[in-house]
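These notes concern the structure reproduced below.
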Amino acid sequence: MTGSLTWQALRDLKVSELTRAGDPWHEVSGRSAADRAQVDRAMSAKLRETQESDAAEAALGRLRRLSRNFQYVQTECGLVRTALNGLAGDLIGPQNQLKQALEDAASLNFTVHEDGSVSYPALQVDDLTGATREARGGTSTGSSRLPLEPPVLGPAGQQSLRPGYAAFRPVNPNAEKAQDVADRIARAVRSAREIDARYAKTLDGLRAEKGLDVTAATLKDVFRDTADVRSTAGTHLAEGIPQDKSPAERKKWWDGLTDEQRQEYIQVAPDLIGDLDGIPVLARDQANRNYLPALIDDLARRGGDEAKTKLDALRMIQDKLGESSHPPMFLLGVGDEGNGRAIVSYGNPDASRHVAAYVPGLGTKLDGEFVTGTMKRAEDTALGAREVDPSSASIVWLGYDAPQSADVMSKGDAQRGAPAYNEFMAGLSATNANEDPHVTAIGHSYGSLTVGTAAKESGGIPGVDDVILLGSPGVGAQKATELGVGKEHVFVGAADNDPVTHLPTKGESALAAGPAWVLGGPEGVRRAGDLFDIGNDDLYFGKDPASEAFGAQRFAVDDGPRMIIEAGKFDAHSQYFDPGRDRKSADNIANIVGGRPQGVVRENHR
């Protein structure tokens, strides 16, 4: 209706009819989502668990196809509903502007004509000589672009004062007011037409593919459709998100939305919701699963080595999400900024009584090693903790840029990452359904400095009861009591053959000067540092967490193999979580995370 949209049609438009028109689309989308869940969680899962045969695999293939069909219908119908909602919301502004202009016209006794022009009556006015004259009425035609026309001027650029001069015309003060009203009407109609045209094009693109087979090409079409609706209605959605509020306030906002509104955000603006702390886990997971294909597609088009590294990792994560896992896997955040972002949970942290959030360290980025190695550490932690208490979940939080090389000697990455980690933890506190969940912060390697920095911020790490420091080069603190949970709740795992737990201070580094470190190993550095480090308990980023002076609870770990400098192998630094390589450490971590600290096997301080 773009070309024929008049000011009368805009005035009389009932935007509620647009939103009601979308209700049937919403109902179909909701039914499709429920049917898809039934196929995935009941039919497919049960068949996968009970049958192993070629026939079962064939049946699973048909069920996957049916699930994709339901997903397609769910998404496309949801997009139609969102577009209609956005159209209604965006038209309210121009309609209100028009109505205000019409009210002003009526109050001034102006006449608004069918074409939008505005007539104003003649008026008796006093001219500059003091004589009363009639200022003629007239009609103003609105412009949505041009400024108001200037008043008529005399030959010298001044309005003539001489009544007999031909250029003299008494000025009707209503002329300027009528022009303003006419311009506002024109602008409102033009804005509404542009909105109408934009949404008409988007809605016209939401056409189902022929046939019942939803292929990869069809799903790409879904991604394009989602992007189109997002670009058209995105402002309408983004304006409502309380980005600058606390996680608790965001949770309250989310709970106040209707289910229909929440689905609009999840389907159309998943990147705005998926990593928003305070949004419940199930919604974040669904949003990130929806956003992941679009992010993959964007990285594939971008090209370059860095994009390919992230792309390969995201495809691996996508594959894992498509597999059944015990505990179940949830994607709480994903992005390509910096070295890449990924927040993955094993077990639902909103439903679990015991939750751990692990911050990785040096060299961690969104690559294949993150998926096969770093994520497995969180999975191993969840599996171990669930043996202690089945209501346990474990998260790996790559929500910051961990140092990659020489910048490991700087606190900058930890200082930038700590506020983001604290906000994430505040989000967990806001969304967890248990009255008083038991939460553990875990920092490995440089990640322990990030956790320590977060713990030293005002108020500490939100909701955290215990802190675990593994393979730590120091946490920026001299005492365990500085971490805000009490020294009896700070636990340290430090393998004697882990070189990171022996990193010298800056002064010791200069004194040791390389050869003592390479040739003598950790003990060589210790001897060099004895000259000014009484007790050998200072590390690069503060007091050694495993030392008596620090005062934490040191637990038993396997010493691990001695490091091999030539091969660059520091296996003792990477095995703390792995029950296959360090059962003692993995069991101790599981006991802490699962809420059974009395099961922890202690070890003497250094």
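The values are calculated or read from the model by the stated rules, or taken from the named source; none is laboratory data. These figures come from a predicted structure and were not determined experimentally. In this analysis, Cβ positions are derived from the backbone assuming ideal geometry, glycine residues included, and neighbour counts consider all displayed protein chains.
Brief remarks on what is shown
- Filtered by the rule that a residue be more than 19 Å from the chain's Cα centre (by Cα) and surrounded by fewer than 23 Cβ atoms within 10 Å (Cβ to Cβ), segment 334-374 gives A351, R353, L362, G363, D367, G368, E369, V371, T372, G373.
- The set of residues from segment 571-596 being among the hydroxyl-bearing types (S, T, Y) and outside any loop (DSSP other than H, G, I, E, B) comprises just one member, S585.
- Scanning segment 481-495 turns up at least one residue that is touching a His at 6+ places or on another chain (Cβ under 8 Å), in contact (Cβ under 8 Å) with a residue 12 or more places away in the chain, in a loop (DSSP other than H, G, I, E, B) and over 25 Å from Y346 (Cα atoms).
Each row is one residue, and each column tells you yes or no for (1) in contact (Cβ under 8 Å) with a residue 60 or more places away in the chain; (2) not aliphatic (A, V, I, L, M).
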{"site": "G274", "(1), (2)": "yes, yes"}
{"site": "I279", "(1), (2)": "yes, no"}
{"site": "D285", "(1), (2)": "no, yes"}
{"site": "E306", "(1), (2)": "no, yes"}
{"site": "Q318", "(1), (2)": "no, yes"}
{"site": "V344", "(1), (2)": "no, no"}
{"site": "G347", "(1), (2)": "no, yes"}
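- Of the numbered criteria (1) more than 30 Å from the chain's Cα centre (by Cα); (2) at pLDDT 75 or above; (3) surrounded by 12 or more Cβ atoms within 10 Å (Cβ to Cβ), the one V39 fails is (1).
- Count - residues of segment 455-503 that are of a type in the set (K, R) and either over 26 Å from L428 (Cα atoms) or in contact with an Asp or Glu (Cβ under 9 Å, 6 or more places away or on another chain) (or both): 2
- G22 vs. criteria over 26 Å from the mean Cα position of the chain (by Cα), of a type outside the set (S, T, Y) and surrounded by fewer than 15 Cβ atoms within 10 Å (Cβ to Cβ): no
- In segment 61-90, the residues that are touching a Ser or Thr at 6+ places or on another chain (Cβ under 6 Å) and either farther than 30 Å from E194 by Cβ or among the aromatic types (F, W, Y) (or both): L63, F70, V73, Q74
- Under the condition of being modelled with pLDDT under 80, assigned to a loop (DSSP other than H, G, I, E, B) and exposed (fewer than 14 other Cβ atoms within 10 Å of the Cβ), the residues counted in segment 102-160 number 17.
- The numbered conditions (1) touching a strand residue (DSSP E or B) at 6+ places or on another chain (Cβ under 7 Å); (2) part of a helix (DSSP H, G or I); (3) not basic (K, R) are all true for V344 except (2).
- Just one residue in the set L483, L449, L428, L503 is crowded, with 24+ Cβ neighbours inside 10 Å, under 21 Å from H573 (Cβ atoms) and of a type in the set (A, V, I, L, M); that residue is L449.
- For segment 418-470, the tally of residues that are small (G, A, S) and in contact with a Lys or Arg (Cβ under 7 Å, 6 or more places away or on another chain) stands at 1.
- Set A546, A556, A590: member being at pLDDT 90 or above and touching a His at 6+ places or on another chain (Cβ under 8 Å): A546
- Taking the conditions (1) outside the structural domain of A357 (by TED's automatic domain parsing); (2) in contact with a Gly (Cβ under 9 Å, 6 or more places away or on another chain) in turn, K310 satisfies each one other than (1).
- Against the list (1) over 27 Å from L383 (Cβ atoms); (2) within 18 Å of the chain's Cα centre (by Cα), the condition L331 fails is (1).
- Criterion applied to G86, G116 was being at positive phi and touching a residue at least 60 places away in the same chain (Cβ under 8 Å), and the one residue passing it is G116.
- Of the residues Q286, Q263, Q243, the single one that is in contact with a Ser or Thr (Cβ under 8 Å, 6 or more places away or on another chain) and at pLDDT below 95 is Q263.
- Filtering segment 347-375 to residues that are over 27 Å from V490 (Cα atoms), aliphatic (A, V, I, L, M) and either touching a Phe, Trp or Tyr at 6+ places or on another chain (Cβ under 7 Å) or part of a loop (DSSP other than H, G, I, E, B) (or both) leaves only L366.
- Breaking point among (1) part of a helix (DSSP H, G or I); (2) in contact with a helix residue (DSSP H, G or I) (Cβ under 8 Å, 6 or more places away or on another chain); (3) buried (at least 22 other Cβ atoms within 10 Å of the Cβ), for D380: (3)
- Looking only at segment 496-523, and only at residues there that are within 17 Å of F541 (Cα to Cα) and part of a loop (DSSP other than H, G, I, E, B), the one that is modelled with the highest pLDDT: D498
- Conditions (1) at pLDDT below 95; (2) farther than 22 Å from A586 by Cβ: number failed by E423: (1)
- Options R301, R289: the member that is within 22 Å of W397 (Cβ to Cβ), charged (D, E, K, R) and not in a loop (DSSP other than H, G, I, E, B): R289
- Filtered residue count, segment 245-265, keeping only those that are surrounded by fewer than 18 Cβ atoms within 10 Å (Cβ to Cβ) and either in contact with a Lys or Arg (Cβ under 6 Å, 6 or more places away or on another chain) or closer than 18 Å to A430 by Cα (or both): 9
Listed here are the residues, each with its yes/no results for (1) of a type in the set (D, E); (2) free of Cβ contacts under 8 Å to residues at least 60 places away in the same chain.
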position: T6; (1), (2): no, no
position: D54; (1), (2): yes, yes
position: E57; (1), (2): yes, yes
position: R62; (1), (2): no, yes
position: F70; (1), (2): no, yes
position: C77; (1), (2): no, yes
position: D104; (1), (2): yes, no
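- In segment 383-404, the residues that are part of a loop (DSSP other than H, G, I, E, B) and either in contact with a Phe, Trp or Tyr (Cβ under 9 Å, 6 or more places away or on another chain) or farther than 26 Å from T309 by Cα (or both): D389, P390, S391, G399, Y400, A402, P403
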